[in-house]
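A.B. asks: Structure incoming, see below.
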Amino acid sequence: MPIIIKDKKMCCGCTACQQICPKNCIEMVRDNEGFLYPKINRNNCIYCGLCERACPEISPFDIVSPIDCYAAKSSDETIRKESSSGGMFTLIAEYVLSQNGVVFGARFDENWQVVMDYTENKDGLKKFRGSKYVQCSIGDSYAQARDFLKSGRKVLYTGSSCQIAGLRRYLGHNYDNLLLVDYLCHGAPSPFLWEKYLEEISQHNVSSLTNISFRSKKRGWKNFGIVIEVGKHIIVDSAFFNNIYMKAFLSDMSLRPSCYHCLARNGRSGSDLTIGDHWAIRNINTLFDDDDGVSLVLLNTDKGYKTFKRINTESIQTDFEKSKKYNGAFYKATEEHLHRKRFFRKLQYRDDVCSLINEELEITMFDHIQKNVKKLLDLIVK
């Protein structure tokens, strides 16, 4: 049977089904919220079942506990400044490139949307650095990675947990020359919302934007902010928690439906390494925390362990249970905002995105009561 999406919470948009189809009868189509979903041309479908077997939502992986846990950072201050946390992605990527490898990562395209791409040299790593709080379009990167692997090249593929799980299902078996790295992910915000936000702040001149940083460290790692520039002029410079777009993200109002039902969290992606911010470091080892960024690194497989040990990095071993307490995104899915559906309905015809977000984030007493009653009922049912 061809893959059928009956509930959008059961599709993470990884495109494994599309890329594995031998008849090219699946296309990814954007819905009214801006997220991609598979659409099948049944006239060309041969009912081979490959799309279903490649789906990480239909066949999720088992939970795997990390072998070890570290706090780590690059000794290169430039790399750390350009990175969201401690610069571990760059160190891992440079190690793979030194072996004639290929590195896949997320970058901005010409419209400031986020797409998966690859590089074969160090100069290409800069565009992959830094967090990008928009769902990344995978394109045909799974097929590209497979071709590199079959040619004998070493491949580093970095992505969200669901993207890594999708690649594993697409490939069907492990490759010795493949290194998988996922990052701790709160959720994937709507590209449509991001598009409308940029239209508003740029006064309908998105092409004039010259730089976007979601994790500027000019106020420090812990007080990072979002900065958007037009030439030498800064048009957005706000603390992360005060930016209106990020408020929608952090309140769980702008995420993909599958993020509220994530089946790739808690070590289920099958990655060799997991990286993110080591927010617990301030309570574990204050001397290691200089507020320029420290990475949390989870070593999930022997391959990941051996790779980490070969990288030249400043690191200390940390307790996994203590470390994950400050990174809830690792082990639990986010809870859908009560106004999410209404927000996306209004987004179809509203251009004043900033005002719309503010309106929907005004939680009333009724909302609080409704939310608490739901939690109580869930406990009773359990």
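The values are calculated or read from the model by the stated rules, or taken from the named source; none is laboratory data. Treat the numbers as computed from the prediction; the structure is a model and nothing was measured. No Cβ is skipped: glycine too gets one built from the backbone with ideal geometry, and neighbour counts run over all protein chains shown.
A.B. asks: Looking at (1) buried (at least 19 other Cβ atoms within 10 Å of the Cβ); (2) of a type in the set (D, E, K, R); (3) assigned by TED's automatic domain parsing to the domain that holds Ile138, find the lone condition where Asp176 falls short.
C.D. replies: All conditions are met except number (1).
A.B. asks: Looking for something more than 14 Å from Tyr70 (Cβ to Cβ) and touching a Phe, Trp or Tyr at 6+ places or on another chain (Cβ under 7 Å) - is there at least one such residue anywhere in region 279-291?
C.D. replies: yes
A.B. asks: Any residue at all in region 222-229 that's farther than 27 Å from Ala72 by Cβ and at pLDDT 95 or above?
C.D. replies: yes
A.B. asks: If you scan region 218-254, which residues turn out to be of a type in the set (Gly, Ala, Ser) and out of contact with any helix residue (DSSP H, G or I) (no Cβ under 6 Å at 6 or more places or on another chain)?
C.D. replies: Correct list: Gly220, Gly231, Ser238, Ala239, Ser251.
A.B. asks: Applying the selection to region 56-115, what residues are of a type outside the set (A, V, I, L, M, F, W, C) and at positive phi? It would help to see each step written out before you state the result.
C.D. replies: Going residue by residue through region 56-115, those that are of a type outside the set (A, V, I, L, M, F, W, C) are 56-57, 59-60, 62, 65-66, 68, 70, 73-78, 80-87, 90, 94-95, 98-101, 105, 107, 109-111, 113.
Answer for region 56-115, where residues must be of a type outside the set (A, V, I, L, M, F, W, C) and at positive phi: Gly87, Asn100.
A.B. asks: Ok, one more. Could you please let me know if Pro22 is assigned to a loop (DSSP other than H, G, I, E, B), touching a residue at least 24 places away in the same chain (Cβ under 8 Å) and more than 19 Å from the chain's Cα centre (by Cα)?
C.D. replies: yes
A.B. asks: Can you name the condition, by its number, that Thr334 falls short on among (1) under 30 Å from Asn285 (Cα atoms); (2) among the polar types (S, T, N, Q); (3) part of a helix (DSSP H, G or I)?
C.D. replies: Here Thr334 meets the rest and fails (3).
A.B. asks: Any idea which of Leu193, Leu149, Leu156 is surrounded by 21 or more Cβ atoms within 10 Å (Cβ to Cβ), of a type in the set (A, V, I, L, M, F, W, C) and over 29 Å from Lys346 (Cβ atoms)?
C.D. replies: Of Leu193, Leu149, Leu156, the one residue that is surrounded by 21 or more Cβ atoms within 10 Å (Cβ to Cβ), of a type in the set (A, V, I, L, M, F, W, C) and over 29 Å from Lys346 (Cβ atoms) is Leu156.
A.B. asks: Within region 80-89, identify whether any single residue is closer than 24 Å to Arg30 by Cβ and touching a helix residue (DSSP H, G or I) at 6+ places or on another chain (Cβ under 6 Å), and answer yes or no.
C.D. replies: no
A.B. asks: Taking the conditions exactly as written (at pLDDT 95 or above and either acidic (Asp, Glu) or more than 21 Å from Arg146 (Cβ to Cβ) (or both)), does Asn43 satisfy them or not?
C.D. replies: Here the answer is no, as Asn43 does not meet what is asked.
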